1. Within region 1-22, track down each residue that is in contact (Cβ under 8 Å) with a residue 40 or more places away in the chain and small (Gly, Ala, Ser).
2. Assuming Val101 fulfils every condition listed in (1) in contact (Cβ under 8 Å) with a residue 40 or more places away in the chain; (2) more than 30 Å from Arg217 (Cα to Cα); (3) buried (at least 18 other Cβ atoms within 10 Å of the Cβ) apart from one, which condition is it?
3. Identify all residues within region 132-168 that are touching a Leu at 6+ places or on another chain (Cβ under 8 Å), part of a helix (DSSP H, G or I) and surrounded by fewer than 12 Cβ atoms within 10 Å (Cβ to Cβ); write none if there are none.
4. Six or more apart or on different chains, Cβ atoms under 7 Å: show the pairs whose first residue is in region 231-251 and over 13 Å from Leu197 (Cα atoms) and whose second is assigned to a helix (DSSP H, G or I).
5. Out of the residues in region 1-60 meeting the condition of being closer than 28 Å to Tyr121 by Cα and acidic (Asp, Glu), tell me which one is surrounded by the most Cβ atoms within 10 Å (Cβ to Cβ).
6. Any residue in region 23-46 that's under 20 Å from Arg76 (Cβ atoms): show its pairings with residues that are among the basic types (Lys, Arg) and outside any helix (DSSP H, G or I) at Cβ separation under 8 Å, as long as the two are six or more apart or on different chains.
7. I'm trying to understand the selection: among the residues of region 182-238, which are surrounded by fewer than 14 Cβ atoms within 10 Å (Cβ to Cβ), over 25 Å from Arg96 (Cβ atoms) and under 18 Å from the mean Cα position of the chain (by Cα)?
8. When you go through Ala164, Ala177 one by one, which is the residue that is under 30 Å from Leu41 (Cα atoms) and in contact with a helix residue (DSSP H, G or I) (Cβ under 7 Å, 6 or more places away or on another chain)?
Amino acid sequence: MKLNVIEMGEGSPVLLLHGLFGAARNWGGIQKRLAQRHRVLAPDLRNHGESPHAARMSYADMAEDIAGLIAARGMRAPAVLGHSMGGKVAMALALRHGPMVGRLVVADIAPVKYPPSLRGYIAAMRAITLKMGLTRKDADGALEATIPEAGIRAFLLQSLDFSADVPSWKMGLAELAAAMPDIEDFAEAGRYDGPTLVLAGAQSRYIRLENHDLFRRLFPQARFATVEKAGHWLHADNPHGFLTELEPFLA
């Protein structure tokens, strides 16, 4: 699959992989900062942003998308950083195509199965009636009963395109709904022996101490760091703390 990509900077290559419901543009200031020293590519993963939609969305499928991007852009062993779902894509890529990955950074996700806690977001988004005259405020109000957190609603609504007379979702919501069992799980096996940094948000429960042994089995060189004053969206909650851990590892 040919993915939409935001590229900037020159130097050693870095790939940034966003999480579920996100898009390449979510890396914003992080990408601009890294581009001062690196060639940084941020793709929209399948069924997200400006990239094509597809019925299949396993981690094997998404890893092959990224392997194809690396080959097509002539990148030699880039550092691959993935957040949340993107972190699982990065891990799958490293386990399947180890020589392609120079360094691996996994941001606030573990190689384990998670409960189906996000399916309600998709149902709420699909329940919005997309019609002429629909405003962002209307859409926000439609989500509020199911998703009380204003920040999460604002994040999700970034993918609702109001440029046409009738708004439309950039995300493939039907495809995402069907793929949620695969997205929640992680069935990849193998071993990646390259340098690996696992970053956790101090206020997040996505990575637990009991996950560290599994990380070490799959990624023997894994080392762990915590970004203070940050939850699951650690690169947005505390970008300075995130970069303080990330930049020395990339260097």
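1. Ser12, Gly19, Gly22
2. The failed condition is (2).
3. Across region 132-168, there are no qualifying residues.
4. Gly231/Asp237; Leu234/Phe242; His235/Ile30; His235/Phe242; Pro239/Gly29; Pro239/Ile30
5. Asp44
6. Leu41/Arg73
7. Arg205
8. Going through Ala164, Ala177 in turn, the sole match is Ala177.
Values quoted throughout were computed directly from the atomic coordinates according to the rules given, and no laboratory measurement underlies them. Because the structure is predicted, anything quoted here is derived from the model rather than measured. Cβ: placed from backbone, ideal geometry, glycine included. Neighbour counts: every protein chain shown.
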